[in-house]
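Below you'll find the structure, written out as structure tokens, and then a few comments.
The values are calculated or read from the model by the stated rules, or taken from the named source; none is laboratory data. No experiment lies behind these values; they were computed from the predicted model shown. Note that we place each Cβ from the backbone using ideal geometry, even for glycine, and neighbour counts take in every protein chain shown.
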Amino acid sequence: MWKKIIDKNLVIINPDIKDKKGLFERLVNHVDKNDYILNRNQFLEALIERENVSNTELSPGIAFPHARSEAVARLFLSIVISKDGIEYDNPEMGPAQIIFFFGCSPADVKQYLQILAKSSRILKKEEFRRALLLCQKPQEVVDLLMQFSEDETAEEDQNSYLMLLTLNNLDDMSEVMSTMVEAGINNASLVESVSMAKKLAYEMPVFAGLSFLAQGKSLKSQLIFAYLESKKTAEKLVQLLKEIDLDLGKKGVGFIQLIKIDTIFGDPEEEIEI
């Protein structure tokens with residue numbers, strides 16, 4: 001994924017910038033100079049408008065400024081590393097030291113969401129953040145991203161599938177949804193379901209002595225339907241779920257079923273505002 005988007009010319013290390021206004025001006029000028037946007041003023045306006053909706057410093061020291069605009073020529077990611085930090089108008093979070101700055105056109109929203117989810121996940125790793133702040137050259141940042149990126153050279157499956165994902169004993173769906181987006185799934189439908197084993201063991205008297213059937217099952221499971229363009233998407237999701245301690249290889253955690261689709265009517269993709 002990084003290979004398709006990362007450009008070392010868009011990596012800026014320890015710039016002489018003090019505040020968010022100066023940061024946005026510098027970044028927009030920089031991507032304009034590198035031909036990633038078609039209209040500087042239009043994109044800057046979209047960026048400021050998005051930031052006014054909510055501050056994009058989402059965790060201490062880490063910010064994800066972004067905008068979707070027709071003024072974007074192609075999807076881009078610009079990375080800014082500032083050891084001293086840049087004032088980001090968010091006192092609770094403090095100055096931003098790591099800034100991942102995105103721009104996308106309406107046609108690139110799905111890929112943007114994937115790269116945003118991936119960026120969010122790896123930036124949760126303290127080892128990665130520390131290494132990023134030690135980088136002295138743009139190429140070092142690129143190499144570090146590649147180091148933390150999985151192999152994506154496998155051949156794609158040409159079939160499409162309906163995926164049914166069942167997860168048990170799940171307290172928080174937010175990490176699961178972020179993981180699905182990173183895998184390339186943003187069209188899912190979520191259904192709260194009840195385990196049949198639990199129903200048998202605890203709600204039907206004739207089976208009351210068979211509580212072993214329900215071991216490892218929650219009363220309410222989460223059932224997720226999604227359209228996949230490739231089996232590889234499901235395989236990637238399985239690996240990403242392991243990283244948030246949801247190993248489908250362990251009994252009782254959950255499972256995925258794939259049903260090959262021959263025909264589909266309509267468009268399964270949803271329009272998403274960012």
Some residue of region 10-29 being touching a Pro at 6+ places or on another chain (Cβ under 9 Å), in a strand (DSSP E or B) and modelled with pLDDT under 95: no
Criterion (out of contact with any Phe, Trp or Tyr (no Cβ under 7 Å at 6 or more places or on another chain), modelled with pLDDT under 95 and within 19 Å of residue 28 (Cα to Cα)) met by exactly one of 51, 92, 57, 126: 51
Hits in region 71-111 (condition: in a loop (DSSP other than H, G, I, E, B) and among the hydroxyl-bearing types (Ser, Thr, Tyr)): 88, 105
Residue match in region 204-217 (condition: modelled with pLDDT under 85, within 21 Å of residue 109 (Cβ to Cβ) and not in a strand (DSSP E or B)): no
Options 71, 67; residue that is modelled with pLDDT of 95 or more and among the small types (Gly, Ala, Ser): 71
